[in-house]
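Here the structure is laid out as structure tokens; the discussion comes afterwards.
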Amino acid sequence: PNPQYLGDSTDVFTVVYIDPVSGCRNEEQVVVRPFTNCPKGLVGVPNVFSPNEDGANDKFIIFADLLESIDFLRVFDRWGNTLWVTSDKHEGWDGSFNGKYLNPGVFVYLVEYTCPIDGKKVILSGDFTLLR
């Protein structure tokens with residue numbers, strides 16, 4: 001899906017399925033309506049990562065393929081101190097602060113982006129776990 005294609009009109013598609021064994025045919029019409037506001041799920045956020053250099057989940061990174069960009073992604077410790085900030089949706093946090101790797105624990109994120117559908121600012125927040 002491409003956010004630019006979401007359009008402003010309703011489309012009707014006919015879906016035809018023919019069972020390859022029995023030859024039975026089924027036909028349904030599907031109505032597709034454009035979003036009128038920003039749907040949930042444009043940004044996926046993991047709830048755990050393990051920066052142990054094994055090549056799997058080594059960075060805390062969001063999934064935002066349907067967005068051209070984000071305003072920012074911030075990571076905080078449990079006392080509210082900012083540990084890391086980026087405005088690059090492809091950049092991930094490696095679990096370090098001031099060049100030192102942090103101990104396992106729970107951290108907080110804040111993501112802000114502009115919805116490509118209605119142009120409104122969206123703020124997501126939550127927590128995730130760093131494992132070693």
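Which of ASN26, VAL16, PRO104 sits closest to the plus end of the dipole of the chain, meaning its Cα is farthest towards the positive end, when Lys and Arg get +1 and Asp and Glu get -1 on the C-beta? Positive-most Cα among the choices belongs to PRO104. Labels on offer are [x] 164, 38, 25; [y] 47, 26, 22; [z] 63, 40, 20, and the one holding Cα extents along the principal axes in Å computed from this structure is [z].
Using a 4.7 Å Cβ-Cβ cutoff, the cysteines of the chain lacking any partner cysteine are CYS24.
Rolling a 1.4 Å probe over the heavy atoms of the protein chains gives the stretch 17-77 an accessible area of 69 Å² per residue.
Restricting the trypsin sites (Lys or Arg not before Pro) of the stretch 74-119 to loop positions (DSSP other than H, G, I, E, B) with no more than 11 neighbouring Cβ atoms within 10 Å leaves ARG78. With bins 5 Å wide beginning at 0, the percent of Cα pairs of the stretch 85-132 falling in each bin runs 5, 16, 21, 24, 16, 8, 6, 4, 0.
Would you mind finding the longest exposed-site-free stretch of the chain, with exposed GluC sites (Glu not before Pro) meaning DSSP loop and at most 11 other Cβ atoms within 10 Å?
The longest uninterrupted stretch comes out as 69-132.
Across the cross-link table entries LYS100/LYS120; LYS59/LYS120; LYS59/LYS100; LYS100/LYS121, which are compared at the Cα atoms, the separations over 26 Å belong to LYS100/LYS120; LYS59/LYS120; LYS100/LYS121. The chymotrypsin sites (Phe, Trp or Tyr not before Pro) of the stretch 44-106 that meet both conditions, a loop assignment by DSSP and at most 13 other Cβ atoms within 10 Å of the site Cβ, are TRP79.
Here the chain has 51 percent of its accessible surface on carbon and sulfur atoms, given a 1.4 Å probe and all protein chains in place.
The values are calculated or read from the model by the stated rules, or taken from the named source; none is laboratory data. All figures in this text were calculated on a predicted structure; none of them were measured in a lab. Every residue, glycine as well, gets a Cβ built from its backbone with ideal geometry; the counts of neighbours run over all protein chains shown. For accessibility, only protein heavy atoms count, side chains too; no ligands or nucleic acids. Shrake-Rupley method; radii C 1.70, N 1.55, O 1.52, S 1.80 Å.
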